[in-house]
1. Go through the residues of the stretch B:81-94 one by one and say whether even a single one is crowded, with 23+ Cβ neighbours inside 10 Å and among the charged types (D, E, K, R).
2. Looking at B:Ala62, is it more than 9 Å from chain A (Cβ to nearest Cβ), of a type in the set (Gly, Ala, Ser), farther than 25 Å from B:Ile111 by Cα and crowded, with 22+ Cβ neighbours inside 10 Å?
3. Name the residues in the stretch B:43-59 that are more than 7 Å from chain A (Cβ to nearest Cβ) and of a type outside the set (A, V, I, L, M, F, W, C), would you?
4. If you go through the stretch A:128-140 one residue at a time, how many are closer than 15 Å to A:Gly76 by Cβ and touching a residue at least 12 places away in the same chain (Cβ under 8 Å)?
5. If I ask for residues that are facing chain A (nearest Cβ under 9 Å), under 19 Å from A:Leu221 (Cα atoms) and either of a type in the set (Lys, Arg) or not in a loop (DSSP other than H, G, I, E, B) (or both), which ones from the stretch B:22-37 would you list?
6. Residue check, B:Gly26 against (1) in contact with a strand residue (DSSP E or B) (Cβ under 7 Å, 6 or more places away or on another chain); (2) on the phi > 0 side of the Ramachandran plot, all met but one. Which one?
7. Take the residues in the stretch A:213-227 that are of a type in the set (A, V, I, L, M) and more than 20 Å from B:Asp34 (Cα to Cα); name whichever of them is nearest to the other protein chains (Cβ to nearest Cβ).
8. Considering only residues that are over 21 Å from B:Pro251 (Cα atoms) and either at pLDDT 95 or above or within 14 Å of chain A (Cβ to nearest Cβ) (or both), look in the stretch B:1-21 and name the one that is surrounded by the most Cβ atoms within 10 Å (Cβ to Cβ).
Amino acid sequence: MEPVIEVNRSPMECTSVSITAPIWQDILAQAMTGELLAAMNYTSLSEMCDDPAEIADALEHAQGERGHAAAFAAEGRKIGVDVTNNVDAKHWKRLREAFLRCIAERDFIACLIVQEIMLESFAVASYSRVGKVAPGTLGKTFARIAAEEEDHVDHAMSILRAERARDVQRFDEKVHRLHLDVMTTLAQMLAKECKDGHCEVCHHTCVKPALFDISLSAAELRGASLQQYLKTLDMLGIPGEVTLAWVTQLPV
Amino acid sequence: MNVDFALIGHQESWRAAADVIAVLRGPERTPLPDDEIKDILPWIPPRAVCHVDVGSIAGMQACGLYIDSFIPPDRLEAAYVHENIARVRKAAACAIKAGAKIVSLGGFSSILIEGNFDQLPERNDTVFTTGNTLTVAFIVQGIKKMCDLEGRDLSQSTLLIVGATGDVGSGCARCLAPLVKRILLGARNVERLHRLAAELQADGVQVELAAHLQRFLVAADVVICAASLPSPSLLLGRVAPDALICDAGYPKNLSPRAEMPGARVFFGGLGQITGGMKFAPDFNGVLNRHPFPDVVHGCLLEGIALALERRFEPFSQGRGAITPQRVEEMEIIAARHGIYLAPLYNADGPVANSLHCHAEWSTR
């Protein structure tokens, strides 16, 4: 599978992370794939919108996500690794398909819920954790992009809160339906071990067991992501006891 | 929804935490393995877990919420105190946001906050009680009941209180000191020990105090364990071979390694609500893990009793303010709504002969 964007190569900027470079390479590949998928989602959203302001907004977001992907690629070059991507990898493909179903239904609110609440919660939390342990500019880039993704969530929150106020039950049912679809896939991605084979993004074997070498763990990334998701659902106003049950029912 | 009360708690063991998660997952899903529970639980933010509806024998009803702070059972040590206070604060914020009129603080939630009420979030119309007064009431009632059952003369007893300077320990000391022959106060903070001893001695009580339990000169024959221990690790050392021991800790104080074959141990500070209690979803037997129905820790029952009484006030606050008069006042409120001392039990099951007081309803 060809990568969605081709990254310009520049001379390697090898740093002290050379021993752990293969781990960072896989982390960057996952992050880059996620950003490109988000860019594709925002582009699809722009094609569905009628309001010129909404179209411009979606395209701006898509451009921003492509910028994030390029930033991750650049960080890879600095440590001497080639960061590839695969938006057709099995989990990412399922996430894209879930989003496209919302597009097919011309359901703008569902698109926001999937992209801004579910996928961005995952991005904000995991990038933040990676940002804390990654050395030098790599850590700074992850932290900066985490902060920018958080702004996306804030942007969507006012729209979604207003939508929920119109019909609480209908809105919560919609979130639950999308949760079952999207969060089940994300939970499988975040499982401590990839039980159903290679994820098709990591270069060789699964990176998860090696995360301990950079003071991270798959359990930590999953925990932080689901915590961020719960907090985001709290901000929407969905009762905490309801969302707790949703999250505990996800596969592990 | 009208929320009369909120109960803030946490699980004292991984087994209990796993059972809570299993109920949330539902019977159709496989329970999570222990390692997954240990990985997931620390990340769960404090939040409501279920609704709790209670009834009073006087005909009142009260609706409430159980909010779990999700403090991991192995993180109750002092090293985690700031993290745990933050969790209790967030749980308190959930109660306030839900509009709870009164909030009871269970287990370590109360210990963390009893001296730090100013650390709770902006409260609006919500009041907080540690619930310690009713806990003291049930501990004292339990001691008296066990003495009656076993024909022991409390007035000739030497009472040891472990954790004597805590809110619960000092409350028990004030209530029981006039009723025993001698009282031994054990706690780590020597300054507070001296202060409590002086207060009791002023009333003519024979007091001995020690920061280390091995240093007491006499052996106690009645013991109350009310220390803030992160796990059951207490070894009592020298007590009478047939001592009566009330373990009122949450988590329990007594170490499973404490070999006292002749001692009579029971769990203290528990009450039973006889007007009915319903959880939604059904956490019955999971949040109240006792061999009898509708048994709850006194600290949580205090908030329920005050809600049924429509007396939304911070009845128990701070440390060291529990007096026999306040305990009696709380006992009267609780009894008015059918909240009584629970049938006594220990790790092996019900304590024989302790069921007769409320036998008609306690074994429903």
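The values are calculated or read from the model by the stated rules, or taken from the named source; none is laboratory data. What you are looking at is a predicted structure, and each value in this text was computed from that prediction instead of being measured. Here the Cβ is made from the backbone with ideal geometry for all residues, glycine too, and neighbour counts use every protein chain on show.
1. Yes - at least one qualifying residue is present in the stretch B:81-94.
2. Numbers: more than 9 Å from chain A (Cβ to nearest Cβ): yes; of a type in the set (Gly, Ala, Ser): yes; farther than 25 Å from B:Ile111 by Cα: yes; crowded, with 22+ Cβ neighbours inside 10 Å: yes.
In short, yes.
3. B:Pro46, B:His51, B:Asp53, B:Gly55, B:Ser56, B:Gly59
4. 6
5. Those that are facing chain A (nearest Cβ under 9 Å), under 19 Å from A:Leu221 (Cα atoms) and either of a type in the set (Lys, Arg) or not in a loop (DSSP other than H, G, I, E, B) (or both): B:Asp35, B:Glu36.
6. Status for B:Gly26: all satisfied but (1).
7. A:Leu216
8. If we take residues in the stretch B:1-21 being over 21 Å from B:Pro251 (Cα atoms) and either at pLDDT 95 or above or within 14 Å of chain A (Cβ to nearest Cβ) (or both), then B:Phe5 is surrounded by the most Cβ atoms within 10 Å (Cβ to Cβ).
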